[in-house]
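Participant: Before I ask anything, here is the structure I am working with.
Every number here is computed from the coordinates shown, using simple stated rules; none is lab data. Predicted model only: the values in this text are computed from it and were never measured. Cβ sites come from the backbone with ideal geometry, for glycine too, and all protein chains shown count toward neighbours.
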Amino acid sequence: MRHTISVLCDDTPGVMTRVSGLFSRRGFNIESLSVGHTELPGKSRFTIVTTGDDTVLEQVRKQLQKLVHVIKAWDIKHAEAVEREHALLKIEVEDKRRAELLQIVTAVQARIVDSSASIWILEVTGDTSSVDNAFNLFKDYHILESIRTGKIALERGPSRVMKK
Amino acid sequence: MGKAKLSGAKALVRALESQGVEVIFGYPGGATLPIYDELAKSSIRHVLSRHEQGAAHMADGYSRVTGKAGVCMATSGPGATNLVTGLANAYMDSSPLVAITGQVPRPMIGNDAFQEVDITGITIPITKHNYLLQQASEIPHVTQEAFFLASTGRKGPVLLDIPRDVQLEVFSSHQAKYPPLEGYRPTVTGHPGQIKRAVTLLKSAQKPLIIAGGGVSLASARDLLVQFAEKADVPVVYTLMGKASFPNSHPLCFGLMGYHGRIEANYAITNADVILAVGTRFGDRSTGPLKTFATQAKIIHTDIDPAEISKNVPSYLPIVGDAGRVLEQLVELIPAKKHAQWTLELRQTAEEHPLKAKSSGVTIPNILRILKSLVPDPIIVTDVGRHQIFTAHYFPVDSGHSFVTSGGLGTMGFGVPAAIGAKVGRPDRTVIDIAGDGSFMMTCQEVASAVAEDIPIVVLVMNDYCLGMIKQLQDASYGRRYEACKFGRNVDFARLAESMGAAGFKVTREDEIAPAIEQSLAAGRPAVVDCVLEDPGNVYPMVTGSSLLEYVE
């Protein structure tokens with residue numbers, strides 16, 4: 001089963017190694033990982049997608065919580081959260097297919113963020129299945145390069161992160 | 001102190017002094033010389049090892065008998081990597097340690113400089129936490145934090161990696177503000193609701209049992225455990241790490257549990273209806289096959305580390321907290337009760353299954369029997385192997401912090417240096433290392449350290465000219481094909497000891513055992529007794545099947 005874990009931690013050198021190293025050391029799988037600053041100065045937040053049953057999830061969470069720089073690690077319930085992924089695709093555009101490609105771009109709410117000669121860079125944002133969906137639709141065109149971020153997730157309602 | 005200028009090295013030594021550090025076990029090198037230069041001006045004693053692994057085990061042994069964090073120090077590169085086994089050993093057994101390593105100067109980090117190694121990277125999985133110091137002004141705060149982390153919550157090793165130029169950097173000492181450790185808040189007191197539920201469960205039990213783990217000793221909660229067991233009349237079994245957590249000769253004590261456990265201990269686990277497990281992580285050597293482990297029992301698991309709850313064995317009722325504090329809470333609420341039928345059942349099982357090894361001749365059980373009669377209450381240190389399990393069974397330990405062994409990592413070579421550390425920590429006690437001929441040779445050079453530093457330990461080498469535990473496994477599972485387990489012509493350990501300035505004895509007959517031990521104790525310097533075993537019998541009981549009750553005894 002797939003789980004999303006949120007980790008609030010100190011933004012210090014090596015914290016990434018400690019978090020990701022813990023997963024490999026304990027034999028936990030990382031499906032995706034994204035990390036960035038938060039509204040709290042000096043703090044970072046990871047969103048990690050992992051697979052395993054509930055017991056594995058609980059072990060992951062507790063082991064993360066043991067890291068000295070981790071302030072809080074918790075499981076994010078899919079139904080109670082807004083989840084987003086971001087993707088960039090570099091596509092070669094044939095003149096005769098330009099119009100239909102543009103239709104798909106509009107349909108999946110992608111944006112053309114760069115265009116030079118016959119090459120476009122498209123930006124897609126959405127939950128995992130929307131991004132999957134966009135990739136499916138662009139599959140028939142010549143994708144030169146593509147890249148996806150890991151998922152980020154935020155729960156609806158009041159903050160679960162402790163305030164000072 | 002105003003704005004006194006001081007170097008990183010001086011700040012470190014001051015910080016160590018203010019932590020009450022009395023001794024550092026170490027080995028110098030180019031990258032730690034500034035610290036040594038300051039150490040020379042300090043009252044802190046330095047014990048020079050002959051190998052950095054030895055220094056780490058010494059600090060570990062020191063910590064296990066004193067309850068204080070042990071300190072070891074090594075230089076950068078190979079010095080630091082030589083600490084790795086010692087750190088892993090301390091980590092597995094939750095031993096509080098502060099390790100200090102030198103590092104190449106900051107501008108050279110990452111350039112593959114001479115004797116450069118990424119020791120913080122290497123030790124992430126085997127330390128509770130580690131630091132690469134970036135500037136001298138951090139040293140006072142970080143050192144304080146390192147001791148705090150090492151010796152609170154689930155204890156463990158913490159490493160400080162200090163670049164040489166940081167040691168030399170001069171800074172104005174002032175009280176800088178550092179953020180608190182927001183994410184580090186160990187739970188000490190057991191949740192009152194869980195305590196009440198535990199008491200209710202224990203009250204209802206017909207066949208209650210206590211599993212005493214090493215956490216009881218780490219929390220110095222042995223007396224409270226005795227109090228609880230006596231008040232509630234609950235039998236006790238122990239893990240290898242928990243051997244000193246309950247007096248072994250106590251009528252409620254039913255011995256070592258697990259893979260090499262006593263029949264009555266494993267019988268108790270299998271038949272108990274409620275188990276109170278205190279300060280144990282249910283390591284595989286203590287549980288045996290998990291599927292059949294304690295299936296009749298509702299398990300109350302109390303541990304300082306929440307991640308241990310239901311990690312290996314599902315717990316019916318978890319109590320996160322310090323073993324001492326939780327036992328205090330339990331003792332207060334538990335009513336006095338007798339479980340005469342149950343304890344009788346266990347006593348009968350014990351009588352039906354006495355330990356069966358030969359108790360005469362130059363054998364490990366007989367040597368241990370004679371040792372016990374000559375030295376009733378020593379600190380016993382062991383190495384790792386067959387002699388270790390023999391010692392767990394045949395040498396009752398009745399005082400706290402008096403059994404030092406490498407339980408989790410199973411580090412051969414732990415014995416001699418750990419005994420040295422133990423003797424430094426408790427010079428008032430007799431410290432005896434029970435070693436194997438394999439284990440002894442892994443760190444025997446530390447006998448020279450003991451001689452030079454005047455640390456009179458006694459090492460009894462159980463010499464069977466082979467790797468006993470390997471041979472036993474090859475007996476059991478590899479058709480007696482003794483590949484790579486026999487040493488052939490062995491070293492003359494008595495002469496080896498003498499060459500290092502220690503007293504050396506050789507025992508080949510039963511009547512030589514007692515005199516050799518007596519002379520070792522009277523030698524006034526480190527002593528090594530080469531006990532040439534006549535019949536290196538295998539150590540039993542041993543679980544051979546899919547449950548704790550399928551065994552060879």
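Participant: Only loop residues by DSSP count here, and only those with at most 12 other Cβ atoms within 10 Å; note down the trypsin sites (Lys or Arg not before Pro) in segment A:124-155 that meet that.
Facilitator: When the trypsin sites (Lys or Arg not before Pro) of segment A:124-155 are filtered for loop state and at most 12 Cβ neighbours within 10 Å, A:139 remain.
Participant: In addition: For residue B:402, what residues show an amide H to amide H distance below 5 Å, using hydrogens built from the backbone and excluding near sequence neighbours?
Facilitator: The list, which skips near neighbours in sequence, is empty: none.
Participant: Still on this model: Which of the trypsin sites (Lys or Arg not before Pro) found in segment B:379-483 are in a DSSP loop and have at most 11 neighbouring Cβ atoms, other than their own, within 10 Å? Could you put the intermediate results ahead of the total?
Facilitator: Working: sites: B:386, B:423, B:429, B:471, B:480, B:481; in loops: B:429, B:480, B:481.
Qualifying residues, ordered by number: B:480, B:481.
Participant: Ok, one more. If you consider only alpha-carbon coordinates, what radius of gyration and Dmax does segment B:364-536 have, in Å?
Facilitator: Rg, Dmax (Cα atoms, Å): 15.0, 48.
Participant: From the P(r) of segment B:281-380, could you give the percentage of C-alpha pairs in the tail past 15 Å?
Facilitator: Here the tail beyond 15 Å accounts for 78 percent of pairs.
Participant: For segment B:299-328 and segment B:115-162, compute the distance between their C-alpha centroids and round to whole Å.
Facilitator: 27 Å
Participant: Return the long-range amide H neighbours of residue B:23 (sequence gap of 5 or more, or a different chain), with a cut-off of under 5 Å between placed amide H atoms.
Facilitator: B:45
Participant: Here is a follow-up. Pick out which of A:64, A:154, A:40 has the largest mean-square fluctuation in a Gaussian network model of chain A, springs linking Cα atoms closer than 10 Å.
Facilitator: Among A:64, A:154, A:40, the largest GNM mean-square fluctuation belongs to A:40.
Participant: Here's another thing I want to ask about it. According to a simple spin-label model (label point 7 Å from Cα along Cα-to-Cβ), what is the distance in nm between residue B:187 and residue A:156?
Facilitator: That separation, rounded to one decimal, is 3.0 nm.
Participant: Further, regarding this structure: Just how far, in whole angstrom, is segment A:141-159 from segment B:445-523 if you go by their alpha carbon centroids?
Facilitator: Cα centres, segment B:445-523 to segment A:141-159: 63 Å.
Participant: Only helical DSSP H runs with n ≥ 4 go in: add -39500 (n - 2.57) per run for chain A, normalise by residue count and round the 222 nm mean residue ellipticity to 500 deg cm²/dmol.
Facilitator: Numbers: 4 runs with 45 residues, N = 164.
Roughly -8500 deg cm²/dmol at 222 nm, from the helical runs in chain A.
Participant: Tell me the mean residue ellipticity at 222 nm calculated for chain B from its helices only (DSSP H runs of n ≥ 4, each -39500 (n - 2.57), averaged over every residue, nearest 500).
Facilitator: -10500 deg cm²/dmol
Participant: Further, regarding this structure: What whole-number distance in Å separates the alpha-carbon centres of segment B:347-425 and segment A:114-135?
Facilitator: 68 Å
Participant: Convex hull over the Cα atoms of segment B:5-172, averaged projected area in nm²?
Facilitator: Averaged projected hull area, Cα only: 8.3 nm².
Participant: Rank by packing, highest mean first: peptides B:153-160, B:353-360, B:296-303, with packing defined as the count of other Cβ atoms within 10 Å averaged across residues.
Facilitator: Numbers: B:153-160: 25.5, B:353-360: 13.5, B:296-303: 23.4.
Descending mean neighbour count gives B:153-160, B:296-303, B:353-360.
Participant: Further, regarding this structure: Select from B:415, B:266, B:171 the residue farthest towards the positive end of the dipole of chain B; place +1 on Cβ of Lys and Arg, -1 on Cβ of Asp and Glu, and compute about the Cα centre.
Facilitator: Value computed over the given set: B:266.
Participant: Okay, moving on. Counting only residues 5 or more places away or on other chains, whose amide H sits under 5 Å from the amide H of residue B:130 once H atoms are built in the peptide plane?
Facilitator: Excluding prolines and chain starts, which carry no amide H, the hits are B:159.
Participant: Determine, at each q value in 0.13, 0.17, 0.18 (inverse angstroms), the log₁₀ of I(q)/I(0) that the Debye formula gives when each Cα of segment A:112-162 is one equal point scatterer.
Facilitator: Values, matching the q order: -0.46, -0.65, -0.70.
Participant: How large is the Kirkwood hydrodynamic radius of chain B, in angstrom, based on all distinct alpha carbon pairs?
Facilitator: 24.3 Å
Participant: Using the Cα centre of segment B:364-536 as origin and beta-carbon charges of +1 (Lys, Arg) and -1 (Asp, Glu), tell me which of B:396, B:467, B:451 is placed farthest towards the positive end of the dipole.
Facilitator: So the residue furthest toward the plus end is B:467.
Participant: Can I ask one more? Compute the distance in nm between two label points, each set 7 Å from the Cα along the Cα-to-Cβ direction, one at residue B:196 and one at residue B:291.
Facilitator: Distance between label points: 4.0 nm.
Participant: Alpha carbons only, please: Rg and Dmax for the protein assembly as shown, in angstrom.
Facilitator: Computed over the Cα atoms of the protein assembly as shown, radius of gyration and Dmax are 29.2, 102 Å.
Participant: In Å and whole numbers, how far do the C-alpha atoms of segment A:71-155 stretch along each principal axis, longest first?
Facilitator: For segment A:71-155, the Cα spread along each principal axis is 52, 22, 17 Å.
Participant: Another question about this same structure. Working only with C-alpha atoms, what are the Rg and Dmax values of segment B:192-352, expressed in angstrom?
Facilitator: Cα radius of gyration and Dmax of segment B:192-352 are 13.7, 41 Å respectively.
Participant: Only four residue types carry charge here, +1 at the Cβ of Lys and Arg and -1 at the Cβ of Asp and Glu. Report the dipole size of segment A:1-98 about the Cα centre in Debye, rounded to the nearest 20.
Facilitator: 200 debye
Participant: Taking springs between alpha-carbon atoms closer than 10 angstrom, which of A:66, A:77, A:96 fluctuates most in the Gaussian network model of chain A?
Facilitator: It is A:96.
Participant: Over the whole of A:67-76, what's the average partner chain Cβ count within 10 Å per residue? Rounded to a whole number, please.
Facilitator: The per-residue average across the peptide is 3.
Participant: OK, next. Putting +1 on Lys and Arg Cβ atoms and -1 on Asp and Glu Cβ atoms, find which of B:67, B:119, B:31 reaches farthest to the positive end of the dipole of segment B:5-172.
Facilitator: Selected residue: B:67.
Participant: To the nearest 10 degrees, how steeply does helix A:15-25 sit against the main Cα axis of chain A, on a 0 to 90 scale?
Facilitator: 80 degrees
Participant: Now, a different point. Could you tell me the largest-minus-smallest coordinate of the C-alpha atoms of segment B:392-444 on each of the three principal axes, in descending order and whole angstroms?
Facilitator: Here the Cα extents, ordered largest to smallest, are 28, 26, 19 Å.
Participant: Find, among the trypsin sites (Lys or Arg not before Pro) in segment B:1-76, those assigned to loop by DSSP (not H, G, I, E, B) with at most 14 other beta-carbon atoms within 10 angstrom.
Facilitator: When the trypsin sites (Lys or Arg not before Pro) of segment B:1-76 are filtered for loop state and at most 14 Cβ neighbours within 10 Å, B:3, B:41 remain.
Participant: Size of chain A along its principal axes in angstrom, Cα-based, largest extent first?
Facilitator: So the extents along the principal axes, rounded to whole Å, are 57, 34, 32.
Participant: In segment A:2-76, what is the volume of the convex hull around the alpha carbon atoms, normalised per residue and reported in Å³?
Facilitator: 75 Å³
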